[in-house]
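First comes the structure, then the notes that go with it.
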Amino acid sequence: MTSEGAGFPRYRPVADHAVLVEFGETISHEINDQVRRLDSALSAAPFDGFTEAIPAYASVLVDFDPIATDHQAVQRAIERLLVTNTQTPSKGPVREVLVCYDGELGPDLDQVAAATGLSRDGVIAAHMAGEYSVFMCGFAPGYAYLAGVPGAIQLPRKPSPIRGVPAGSVIIAGPQCIVTTLTMPTGWWRIGRSPTPILGSDEKRPFLLDVGDGVKFSRIDRRAFDTATARS
Amino acid sequence: MASASFIVTQVGPHVSIQDSGRRGLMRFGVPESGPMDRTGFAIANAALGNTTIPPAIEISMGGLQLECVDGSVTIALAGGGFQVAIDRSAFGSWAVATMHAGARLTVKPGPWGSWTYLVFAGDLQANRWLGSAATHSQSGFGGGQIAKGQRLVIENAEVRGERCGPIPCPVFARPRTSLRVVLGPQDRFFAPDTIHALLWQPFSLTDAYDRMGVRLAGPTLRPVGKLDMPSEAIVRGSIQVAGDGRPTVLLADHQTTGGYPKIATVISGDLDRFVQLRSRNQVVFESISPEAAIEAAGNHRRSYEQFLTRLMARRGDPNFVRSHVAETL
């Protein structure tokens with residue numbers, strides 16, 4: 001049984017169609033395990049009127065059809081699910097993500113090295129050594145928030161974002177790492193580029209990464225990167 | 001089967017292909033997308049008697065001009081109060097009409113509204129992504145933005161002369177400046193005075209308005225305390241307040257998660273009416289209880305279903321309406 005913080009879970013009504021269930025206010029494996037527990041319980045046994053669940057770091061937004069049910073009934077249904085589902089679901093598969101750290105594909109590597117007192121290779125070694133798992137997906141299609149960046153290379157985000165950061169960029173901030181899927185502005189540190197396709201078009205499995213999956217970064221050189229991007 | 005083709009001769013920004021949208025993928029970072037004004041879109045389809053919902057064109061205030069170069073097809077327009085003309089003859093903003101080869105359709109902003117829908121009696125050919133032709137504006141995935149010179153092809157094009165004529169515009173499809181909200185889910189980050197300002201002072205829409213959301217001008221809603229909440233889910237209608245105290249109402253192509261507090265959330269029945277406002281229009285927010293919001297959703301759904309049933313019944317299958325509503329809302 002996981003220990004639950006005082007006053008959690010909390011239930012907050014959202015407009016006429018959702019309840020936000022909060023399990024805590026920090027980013028931790030223990031809290032995220034409770035998120036995954038409710039998420040998998042809902043997908044195994046959805047209540048009448050359930051439409052969609054959106055797991056995040058420390059909360060699950062549970063969306064419902066206001067014609068079929070209401071906030072109070074949904075809260076009761078979730079409370080029942082939490083009582084009957086005490087097992088944390090097992091982790092998903094470990095997915096391999098290729099990354100090239102060479103030259104201009106890791107434009108912030110030198111700055112990260114300077115800020116952490118490591119060499120460029122030291123930053124790369126630390127990044128590859130991290131044990132990553134997907135805590136949530138969000139912001140934009142296929143953006144998987146990976147927790148597990150080692151303490152030695154954790155930096156706060158930059159004061160202002162850089163525009164036009166290309167898809168496939170491997171970016172870090174604090175304990176988090178993301179492989180981007182669209183060209184977007186970001187204030188995170190750009191340390192490499194991945195040719196691994198994350199956005200798919202299969203409706204049943206549209207994205208490489210889902211909440212609970214592990215991620216292992218494998219280093220490739222520039223030639224392998226160019227070959228892989230030419231193929232996709 | 002017959003087909004019809006159009007060439008895009010003029011088009012403004014933010015004109016895109018939309019269908020009912022893609023649901024159930026927010027857990028992967030994918031918002032629903034689909035029409036900004038789902039009500040106008042549904043009405044245009046019902047007026048045309050469409051029993052399935054094909055891809056359609058969402059027209060922004062940038063406007064659109066098309067020339068029919070091949071075939072004939074009946075079209076419907078509904079959504080905002082735009083100026084609509086076929087060749088030189090103007091007709092109502094909300095109408096069903098038939099276009100033949102050689103005819104030119106012009107749609108420009110009119111007295112009210114920010115979005116209007118051009119729906120065809122046939123299947124507009126469009127790229128799909130994850131089962132939907134709805135355009136996700138940030139990525140361009142789905143049917144995509146409409147470009148000048150583009151050729152639009154309608155397969156299974158039908159002429160439905162019996163459906164031609166004006167479409168009535170019901171009260172629930174018109175712009176609304178008093179918006180009902182349920183406070184939260186992160187209203188705890190705001191002082192009582194700030195909540196009071198949200199509910200008692202007017203805000204206005206700014207020019208920072210696109211399919212992702214619209215930033216509001218008005219009193220500053222500065223959050224108190226440390227903003228250290230981990231990112232959590234956002235819904236369509238969330239009023240998110242950035243660190244500078246400026247609120248943004250998130251819309252069809254919203255980001256699915258965010259770390260800024262959401263002070264309140266607009267109820268679903270008022271959102272379609274809100275998006276038909278324009279920049280510099282004023283709005284006021286009215287706080288209602290979650291129970292009152294559920295009741296409002298029921299009332300809204302009833303008047304909506306009744307209206308669509310009547311529109312469909314002009315000619316067509318009344319059983320269509322239930323599935324149509326389920327697909328659209």
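The values are calculated or read from the model by the stated rules, or taken from the named source; none is laboratory data. Keep in mind it's a predicted model, so treat the numbers as computed, not measured. Note that each Cβ is placed from the backbone with ideal geometry, even for glycine, and that neighbours are counted across all protein chains shown.
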Looking only at the range B:207-238, count how many residues are away from every other protein chain (no Cβ under 14 Å) and over 18 Å from the mean Cα position of the chain (by Cα). 9
Residue among A:200, A:122, A:174 that is at positive phi and in the same structural domain as residue A:102 (by TED's automatic domain parsing): A:174
Out of the range A:150-162, which residues are at pLDDT 90 or above and surrounded by fewer than 21 Cβ atoms within 10 Å (Cβ to Cβ)? A:150, A:151, A:152, A:154, A:155
With the checklist (1) part of a helix (DSSP H, G or I); (2) more than 19 Å from residue B:28 (Cβ to Cβ) in hand, flag the one item residue A:16 doesn't pass. (1)
I need the full set of residues from the range A:8-61 which are closer than 30 Å to residue B:269 by Cβ and among the hydroxyl-bearing types (Ser, Thr, Tyr), in order please. A:11, A:43, A:51, A:59
Which residue pairs have Cβ atoms closer than 6 Å, lie 6 or more positions apart in sequence or on different chains, and pair a first residue in the range B:130-142 that is at negative phi and among the hydrophobic types (A, V, I, L, M, F, W, C) with a second residue that is modelled with pLDDT under 95 and part of a strand (DSSP E or B)? B:141/B:129
Of all residues in the range B:262-276, which are assigned to a loop (DSSP other than H, G, I, E, B) and within 14 Å of chain A (Cβ to nearest Cβ)? B:267
Given B:30, B:15, B:96, which one is of a type in the set (Val, Ile, Thr) and within 14 Å of another protein chain (Cβ to nearest Cβ)? B:30
Could you run through the range B:250-261 and say how many residues are more than 8 Å from chain A (Cβ to nearest Cβ) and either assigned to a loop (DSSP other than H, G, I, E, B) or out of contact with any Gly (no Cβ under 6 Å at 6 or more places or on another chain) (or both)? 7
Which numbered condition residue B:275 misses (of (1) within 29 Å of residue B:204 (Cβ to Cβ); (2) within 20 Å of the chain's Cα centre (by Cα); (3) modelled with pLDDT of 95 or more; (4) not assigned by TED's automatic domain parsing to the domain that holds residue B:201): (4)
Take the conditions small (Gly, Ala, Ser), modelled with pLDDT under 95, assigned to a loop (DSSP other than H, G, I, E, B) and at negative phi and apply them to residue B:243. Does it pass? yes
If the requirement is being surrounded by fewer than 23 Cβ atoms within 10 Å (Cβ to Cβ) and not assigned by TED's automatic domain parsing to the domain that holds residue B:258, which of these qualifies: B:94, B:112, B:129? B:112
List every residue pair whose Cβ atoms sit under 7 Å apart, with the two residues 6 or more apart in sequence or on different chains, where the first one lies in the range B:6-22 and is over 29 Å from residue A:203 (Cα atoms) and the second, anywhere, is in a loop (DSSP other than H, G, I, E, B) and hydroxyl-bearing (Ser, Thr, Tyr). B:12/B:60; B:13/B:60
Could you look through the range B:107-142, keep only residues that are in a strand (DSSP E or B) and within 16 Å of the chain's Cα centre (by Cα), and pick out the one that is nearest to the other protein chains (Cβ to nearest Cβ)? B:136
I'd like to check something: does the range A:129-139 contain any residue that is in contact with a helix residue (DSSP H, G or I) (Cβ under 9 Å, 6 or more places away or on another chain) and of a type in the set (Asp, Glu)? no
Over the range A:9-30, the set of residues hydrophobic (A, V, I, L, M, F, W, C) and either outside the structural domain of residue A:64 (by TED's automatic domain parsing) or modelled with pLDDT of 95 or more (or both) is A:14, A:15, A:18, A:19, A:20, A:21, A:23
Among what's in the range A:172-206 and is of a type in the set (Ser, Thr, Tyr) and touching a residue at least 12 places away in the same chain (Cβ under 8 Å), pick the residue that is farthest from residue A:96 (Cα to Cα). A:186
Starting from the range A:112-134, keep only residues that are under 15 Å from residue A:96 (Cβ atoms), then list their pairs with residues that are acidic (Asp, Glu) whose Cβ atoms are within a distance under 7 Å, requiring at least 6 positions of separation or different chains. A:133/A:213; A:134/A:210; A:134/A:213
So residue B:158 ticks every box in (1) surrounded by fewer than 16 Cβ atoms within 10 Å (Cβ to Cβ); (2) among the acidic types (Asp, Glu); (3) part of a loop (DSSP other than H, G, I, E, B) but one. Which box is left unticked? (1)
Quickly run through the range A:39-73 and pick out the residues that are in contact (Cβ under 8 Å) with a residue 40 or more places away in the chain, more than 21 Å from residue A:88 (Cα to Cα), more than 8 Å from every other protein chain (Cβ to nearest Cβ) and of a type outside the set (D, E, K, R). A:64
Among the basic types (Lys, Arg) and surrounded by fewer than 21 Cβ atoms within 10 Å (Cβ to Cβ): does that describe residue B:246? yes
Which condition from (1) within 29 Å of residue A:216 (Cα to Cα); (2) outside any loop (DSSP other than H, G, I, E, B); (3) not polar (S, T, N, Q) is the one that residue A:82 breaks? (1)
Under the condition of being of a type in the set (S, T, N, Q) and in a strand (DSSP E or B), which residue from the range A:38-79 is nearest to the chain's Cα centre (by Cα)? A:59
When you go through (1) out of contact with any helix residue (DSSP H, G or I) (no Cβ under 8 Å at 6 or more places or on another chain); (2) without any contact (Cβ under 8 Å) to a residue 24 or more places away in the chain; (3) at the interface with chain A (Cβ under 9 Å from one of its Cβ atoms) one by one for residue B:294, which number turns out not to apply? (1)
